[in-house]
Every structure is written in structure tokens, then in C-alpha cells.
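Following: one structure in C-alpha cells, then a few remarks.
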Amino acid sequence: MSDTSAVKDALRRQQIETPSWAYGNSGTRFKVFAQPGVPRTPQEKIGDAAQVHRYTGIAPSVAVHIPWDRVDDYAQLAAYAKEKGVRIGAVNSNVFQDDDYKLGSVTNPDPKVRRKALDHLLHCVDIMDATGSRDLKLWFSDGTNYPGQDDIRARQDRMEEALAAVYERLGEHQRFLLEYKLFEPAFYTTDLPDWGTSYAHCLKLGPRAQVVVDTGHHAPGTNIEFIVAFLLREGKLGGFDFNSRFYADDDLMVGAADPFQLFRIMYEVVRGGGYDPEAGVAFMLDQCHNIEPKIQGQIRSVMNVQEATAKALLVDAAALGAAQAAGDVLEANAVFMDAYNTDVRPLLAELREEMGLHPDPIAAYKASGYFERVAEERKDGQAAGWGA
Ligand code: AOS
Ligand code: ZN
Ligand code: ZN
């Protein structure tokens, strides 16, 4: 797509979801550096997410994490989000922070622990019913640390059983997105370590079980865009948890470590039809802002995805196809790189003005005084943190 107005039309309908946990304090295992103005409640996290949407125009939903965002009335929380101009997106389950889960959650050798974990997952579907969320995001920390610790095959059987029970409970318009991760916190085996394992489980269950690609969850050097192309082709790409990494699951701002990789991923999304709303691919961020300001960090990340998308949309498909058909390796690569090397910032500034937004979202946010206001208002009380 090289016609600028078509590119702009496509960008106008982009939707990127921000995660509630990105607005709270977070850190590494060594230290959590508390920041002023951090939200104390799920409602305040939603308020912050609404700011990101306000200045970017393309972040209309916020993912919640249960029980970090526990409230008595989830329908009321959804109504609150609506009032703020956003909606509640994916519901993220959490079966990794309880003492009972030391040896796993749904794959734990103890049936009582497995039942407890499954009950939590089913409760998350109840929450989706109340919030109107389409997606349940499942990430399991389950795995083992030592050879022989547990039976690898039996753990797959237990995983299959739990996933089938959740699938069964989903409503007609609901899906689950199954996340995989190479390692951490388990260091020897992880029960869902790669896209192939997630894919195999999802394939058995049906169309409402989809794979989610967290860009930080692969071995260094993995060709993530190939995974994206393959899953899309199979109708199994449910969405992304975007972030960037230098080493492992760093959860840094997307596009910070390797903007070229982000472009290559977005190109495969566009190429495979994953950008069309009917494809149902959820574009979510999964990040933790340890040292940088949180709302601003989310705005920057949304802009990074938008820039990569704009470049991907700018690839001249006709010229690329012709070069590929002719076997002209260098010309094909040149067409691809031309799009990547285009400075799309002026185009995006123009688009924002057409959308009634400030051309520079970060400058507009900073000038709004929101941060100073909430820093004052939220002086008292317990700031939300990773896990609270
Ligand atoms: C964990 O590594 C995963 O990325 C999950 O998506 C997790 O639920 C999220 O990062 C919040 O901790
Ligand atoms: Zn994730
Ligand atoms: Zn992760």
C-alpha cells in the first residue's frame, strides 16, 4: 500500500491496548523504585490509560489483571471505563502468585491445587461476562526446575484438561489467548515453552483458542516474524503482548531495543491480513516501566507501534511482488528497506491533526499538567504495584 491516503485510513482505525499493570510501580527482583502519582486503585489505572488514548487516539482499551485489579463489581468498573472514554479489554488471569502454586498451577501434581487454579480461570470468564471483554489471556508460570522433578507428559495431560474446561466455559463471542514463554520462573522445563506447544493445544480445542505472541518470550535470535506469518496463515494468531528485550523477558518499551524487528513483525501482520479488524488480532502492550514515567512510557510505546505499522503499510506491495517474482533479491530487499527507512513522523503528525489531536502526543500530555495533578492528588494511600 503506497497511496498515502489509504495508509492514513488504515492507521486511523488502529487500536492498541495498554495494560493496567504498566501504570503501577514495578521493578526487578532487586528493587522497585516508587514513583509519584502512581494509581492506587483499578479506577485510577483506568484514568491513566484514558490519558494515553486521549493523546494518541488509538489506545481505546485497557487490559486488566486479576486479582491485581480486583473490585466488587466488574460491570461497574466497565461503566467507569466507558465514562473515561475507554473500555476494558483482555482479562489476564494470574495463577502464579500464590504459595499453593510453587509446583505449578493447572499442571501441579496435587489435584486440589489444580482445581483452585481452574476455578480462578473460570472466575476470570465470569469477569469477562460482566465487563464485556472478548479475550481471556492465559499465561502459566508452570514448569520444573530439575530433571526428574515431575512427569513432563503428565503435566501436558493436566494442561490439556484445564484448557478444555476453560474452553468449554467460554461464551460464543469469547476467546482465550494462550501465551507461551521460553523460561522463567521455571528454569528446566516450562509447560508452554514455545508457540508450537501453544498452537498444538489450541488446535485441538477449536477456533476460540488462539495463540498470543509476547515478543519478549523467545530465545535470542528467534525469527518472530516467521512465527507471526505462520500463525496468521493458520488462523491461529490471537494477538500480541508487545514489549522489547535485550536479554530475556525484559518488558521494556516496544520498539526500543529493535525497531526493525517490530517493523518486520508488523509487515507480516499486514501481509497476512492480520491488520483487518475481522482477523481479530489483539494488539496489546505488556510492559513494566521501572525507571521511566509510566503514562509517558505508554504513549511512547503506542507511538512506536504506530510508526512501525505506518512503515509496514508503506511497503510497495506491487514492486516487492515483482522483484520477488523476478528473483531479484537485492531489489526486493531494497523495496522492503525503503519502507523501513521512510521517516513517517510527519505523516503521523498530519494524521493526528486530521483526527483532532495534537501532532505531538508527548508534548501535549506533558503540557496538560495531568501528571502534576495526580502526583498531588495521590499522595496518600498505597500506590498500586506489580502484584497489587
Ligand atoms: C509473563 O511473563 C507474561 O508476559 C504475562 O503476560 C503476564 O501475565 C504479564 O506480563 C503480567 O505479569
Ligand atoms: Zn505477556
Ligand atoms: Zn512476559
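Just so it is clear, none of the values below were taken in a lab; they were calculated from the coordinates. No experiment lies behind these values; they were computed from the predicted model shown. Cβ sites come from the backbone with ideal geometry, for glycine too, and all protein chains shown count toward neighbours.
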task = Would you mind checking LYS84/LYS181; LYS31/LYS84; LYS82/LYS181; LYS45/LYS137 for any pair whose Cα atoms are more than 29 angstrom apart?
result = LYS84/LYS181; LYS31/LYS84; LYS82/LYS181
note = If one builds a Gaussian network model of the chain from Cα atoms under 10 Å apart, the most fluctuating residue listed among ASP151, ASP251, ASP48 is ASP151
Note, ³J(HN,Hα) from phi for the range 313-326, Karplus 6.51, -1.76, 1.60, rounded to Hz, x at Gly and Pro = 5, 7, 4, 6, 4, 5, 5, 5, x, 5, 5, 5, 5, 7
ask   = For SER5 and ILE152 in one chain, what is 0.36 nm times their gap in residues minus the Cα-Cα distance, to one decimal in nm?
value = 47.6 nm
ask   = How many times 2.2 N^0.38 Å is the alpha carbon radius of gyration of the range 287-358?
value = 1.47
request  = Please report how far the C-alpha centroid of the range 315-330 lies from that of the range 220-241, rounded to the nearest whole angstrom.
outcome  = 23 Å
key: GNM result for the chain, Cα springs below 10 Å: residue of LYS236, LYS82, LYS311 fluctuating most strongly   = LYS82
query = Taking the Cβ-Cβ separation of ILE291 and ASP119 as r and a Förster radius of 41 Å, what is the calculated FRET efficiency to the nearest 0.05?
reply = 0.65
query = Which value at 222 nm does the chain reach when only helices count, each DSSP H run of 4 or more adding -39,500 (n - 2.57), with the total divided by all residues and rounded to the nearest 500 deg cm²/dmol?
reply = -14000 deg cm²/dmol
inquiry  = Looking only at the chain, where both bridge partners belong to it, what percent of the DSSP beta bridges are antiparallel (to the nearest 5)?
reply    = 15 percent
request  = May I ask you to evaluate 6.51 cos²θ - 1.76 cosθ + 1.60, the Karplus curve with θ = phi - 60°, for each residue of the range 252-264 and list the ³J(HN,Hα) values in order in whole Hz, giving x for glycine and proline?
outcome  = 7, 4, 4, x, 7, 7, 8, x, 5, 4, 4, 4, 5
message = With +1 assigned to the C-beta of every Lys and Arg and -1 to the C-beta of every Asp and Glu, and no other charges, what is the dipole magnitude of the chain about the Cα centre in debye, to the nearest 20?
response = 520 debye
note = Relative contact order in percent for the range 11-119 (Cα pairs under 8 Å, 6+ apart) equals 24 percent
task = Would you give the gap between the C-alpha center of the range 274-314 and the C-alpha center of the range 23-77, rounded to a whole Å?
result = 16 Å
message = From Cα pairs below 8 angstrom and at least 6 apart in sequence, can you work out the relative contact order of the range 283-388, rounded to a whole percent?
response = 22 percent
request  = For the chain, calculate the relative contact order in percent as a whole number, restricting contacts to Cα pairs under 8 Å that are 6 or more residues apart.
outcome  = 22 percent
task = Binning at 20 Å from 0, report for the chain what percent of all alpha-carbon pair distances ends up in each bin.
result = 28, 58, 14, 0
message = Taking the Cα centroid of the range 153-214 and of the range 84-98, what is the distance between the two, rounded to the nearest whole Å?
response = 18 Å
query = By a straight-distance test (C-alpha under 16 Å), which lysines pair with LYS204 as possible cross-link partners, with residues fewer than eight away in the same chain excluded?
reply = LYS236
